[in-house]
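The structure under discussion appears below in the form of structure tokens.
What follows draws every value from the coordinates through simple rules; no lab data is involved. Everything numeric here is computed off the predicted structure, so don't read it as measured data. Cβ sites come from the backbone with ideal geometry, for glycine too, and all protein chains shown count toward neighbours.
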Amino acid sequence: MSASMPIFRLGTRGSPLALTQAHLVRDALAAAHALAPDAITIVPIRTTGDKVQDRALAEIGGKALWTKELDRALLDGEIDAAVHSMKDVETFRPAEIAIAAMLPRADVQDRLIGADSIDALGVRAVVGTSSPRRAAQLRRLRPDLEIVLFRGNVDTRLAKLAAGEVDATLLAAAGLDRLRRHDVGTPIPINLMLPAPAQGAVGIECRADDAHARALLAKIDHPETHACVTAERGLLAALKADCHSPVAALAVIEGAIMTLRAELLSEDGSVHVAAQEAGAPTDPTLPIAVARDLLFRAPEAIRALFGG
């Protein structure tokens, strides 16, 4: 590629973690195409989700609050691609936008900050989270806990915890690691808390008809991550899940086999159902089979939250 090519513009949210992820994408593109990093510019875009911090996402428009401003900038030609935490991207995307690439997935676990383990939390301890999944999983494990709404970027949440607003909180290990906070919090085993679909994955979207952007981004796509996240998002689509729905899922590829595990919970964590299936990594029927099994066996308290 010649130095005279136009600068490639990466859109991102403006939080420290989002900017860190955009720099990871920029560095990967520069390395893949032998470009100087400054040939790729990062364009921060303020989203509604960043502006409104005192209410649950589900109350004010859901995951679209993280994406709609970036979608508009992309479709208006202000940026050439948008960098997202894939767990924040709505299940159903506009046909004009393509998920062109994903970086290698980071640690999928949650970390508990404020106690050494969930068992070690005090009786009726106050735990802050904005995630219906984490809230339901915590209530299932510890019905005595008081769960309160806790929003804001990583530093904001850690500051609220340090100020004593809550006894503990949960954050994604991937985000902490990307911010070089490797020593913050205690990892929660996957068998105790299955992660959110697409947790730990950074995705890059571009206009579906932009062949130049798609070709550039294809060079940094990690096929295994892309296949696993596509399966987890396929499960959400089959469940007709939204951001009110406590759902956990994780796809893992070993050899030529993908195993997709998933869990649905009632909002209060009192009932839950789990399932898993194995199949070919790109088989689109695998997440549909898991969704059907979950909904078939789920009690009414859970089915009412989904498409069943």
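Kindly provide the Kirkwood hydrodynamic radius of region 101-153 in Å, to one decimal, from all pairs of distinct alpha carbon atoms. Provide the component values of the computation, followed by the final result.
Details: mean 1/r = 0.0802 Å⁻¹.
The answer is 12.5 Å.
Report the charge-dipole magnitude of the chain in Debye, nearest 20, computed about the Cα centre from +1 at each Lys and Arg Cβ and -1 at each Asp and Glu Cβ.
Numbers: 34 positive and 39 negative charges, 45 e Å.
I would put it at about 220 debye.
With a ≥ b ≥ c the root eigenvalues of the C-alpha gyration tensor of region 110-187, is it rounded (a/c under 1.5), prolate (a/b larger than b/c) or oblate? Can you show the working numbers first?
On the way: a/c = 1.59, a/b = 1.47, b/c = 1.08.
Prolate shape, in that a/c is at least 1.5 and a/b is the bigger ratio.
Any number yet on Rg/Rh for the chain, C-alpha, Kirkwood? Mind dumping the intermediate values first?
On the way: Rg = 19.3 Å, Rh = 20.0 Å.
My calculation of the ratio gives 0.97.
What residues of region 111-154 lie in the reach of a label at Ala163, counting those whose backbone N is under 17 Å from a point 7 Å from the Cα along Cα→Cβ?
127-130, 148-154
Which FRET efficiency value, to the nearest 0.05, do you get for Glu267 and Ser117 by plugging their Cβ-Cβ distance into 1/(1 + (r/R0)^6) with R0 = 30 Å?
Numbers: r = 24 Å, r/R0 = 0.79.
For Glu267 and Ser117, the calculated efficiency is 0.80.
To one decimal place, what Kirkwood hydrodynamic radius in Å is obtained for region 233-303 from all pairs of distinct Cα atoms? Write down the numbers at each step before the final one.
Values: mean 1/r = 0.0815 Å⁻¹.
So the Kirkwood estimate lands at 12.3 Å.
For the peptides 69-81, 226-238, what is the packing order when you average, over each peptide's residues, the other Cβ atoms within 10 Å and list the highest mean first? It would help to have the intermediate numbers written out before the result.
Numbers: 69-81: 18.4, 226-238: 23.2.
Descending mean neighbour count gives 226-238, 69-81.
Whole number please: convex hull volume per residue of the Cα set in region 149-248, in Å³?
Value for region 149-248: 156 Å³ per residue.
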